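The values are calculated or read from the model by the stated rules, or taken from the named source; none is laboratory data. It should be emphasised that the depicted structure is a prediction, and the values quoted were computed from it without experimental measurement. Methodologically, a virtual Cβ is constructed for each residue, glycine included, from the backbone with ideal geometry; neighbour enumeration extends over all protein chains shown. Note: accessible area is taken over every heavy atom of the protein model, side chains too, but ligands, DNA and RNA are not part of it. Shrake-Rupley method; radii C 1.70, N 1.55, O 1.52, S 1.80 Å.
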Amino acid sequence: MKIGARTSVSLLFLVNGFLIGSWAAKIPLFADRLQLSESIVGIMIVIFGFGSLVTMPATGVVIARFGTAFVNKALSLLAATTLLWVTLSPNLWTAGLAMFFFGGMIGSMDLAMNALAVEIERKRPSPIMSSCHGFWSLGGLIGAILGGYLLEFSSLNIHAFVVT
């Protein structure tokens, strides 16, 4: 089944928001598991942002060379895997590295999906950017609710999967 460009870009925004919402729900567990102070959690969030800032310029170059469709496909897969890296990081240093890459992939995906939305919007008679960002917010809401629910009520103990 082939889905249209409008639906595809909306799903990219939804997934990106979902990843951020899922991460937000994990912050207390992340901090507890690695025994991070509040200030170190803050530094981890800064590292996330720094990852975005560092990778975004390169993403623009890659988009110019390979096009938005290819770059969005690659980044959506990479972004999803980097959240797993953050979840399973066994210590402070690997967590910092994972946060850098997670921020880089989320920021790069953000740039690429916005570029794709602009391309699609130019071909349509009506604007779509506001609804795309609405899908991002919806994804964040779903990610936070589902992530929080699973963390609270799941019998899965993530500590069993982490190598220390």
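Some notes on this structure:
- Odd one out for Tyr149 among (1) surrounded by 14 or more Cβ atoms within 10 Å (Cβ to Cβ); (2) out of contact with any helix residue (DSSP H, G or I) (no Cβ under 6 Å at 6 or more places or on another chain); (3) modelled with pLDDT under 95: (1)
- Residue in region 155-164 that is at pLDDT 95 or above, of a type outside the set (Lys, Arg) and either open to solvent by less than 60 Å² (accessible area, probe 1.4 Å) or on the phi > 0 side of the Ramachandran plot (or both) present: no
- Taking residues in region 120-148 that are without any contact (Cβ under 8 Å) to a residue 12 or more places away in the chain, and partners anywhere that are part of a loop (DSSP other than H, G, I, E, B) and exposed (fewer than 14 other Cβ atoms within 10 Å of the Cβ), the pairs with Cβ atoms closer than 9 Å and at least 6 places apart or on different chains are Glu121/Pro127.
- Residue list for region 4-30, restricted to those being closer than 24 Å to Phe153 by Cα and surrounded by fewer than 16 Cβ atoms within 10 Å (Cβ to Cβ): Ala24, Ile27, Pro28, Leu29
- Ser52 among the small types (Gly, Ala, Ser), open to solvent by 60 Å² or more (accessible area, probe 1.4 Å), at pLDDT 95 or above and over 25 Å from Thr7 (Cβ atoms): no
- Leading residue by the ranking (farthest from Arg6 (Cα to Cα)) among those in region 66-88 that are among the polar types (S, T, N, Q) and touching a residue at least 60 places away in the same chain (Cβ under 8 Å): Thr87
- Residues of region 112-134 that are open to solvent by 60 Å² or more (accessible area, probe 1.4 Å) and either in a helix (DSSP H, G or I) or among the basic types (Lys, Arg) (or both): Glu119, Arg122, Lys123, Arg124, Ser130, His133.
- So Met99, is it closer than 22 Å to Val46 by Cβ and of a type outside the set (Asp, Glu): yes
- Qualifying residue in region 97-106 (condition: surrounded by fewer than 18 Cβ atoms within 10 Å (Cβ to Cβ) and in a helix (DSSP H, G or I)): yes
Condition check ((1) open to solvent by 30 Å² or more (accessible area, probe 1.4 Å); (2) among the acidic types (Asp, Glu); (3) farther than 24 Å from Ala24 by Cα) across all residues:
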site: Val62; (1), (2), (3): yes, no, yes
site: Thr68; (1), (2), (3): no, no, yes
site: Lys73; (1), (2), (3): yes, no, no
site: Leu77; (1), (2), (3): yes, no, no
site: Ala80; (1), (2), (3): yes, no, no
site: Leu83; (1), (2), (3): no, no, no
site: Leu92; (1), (2), (3): yes, no, no
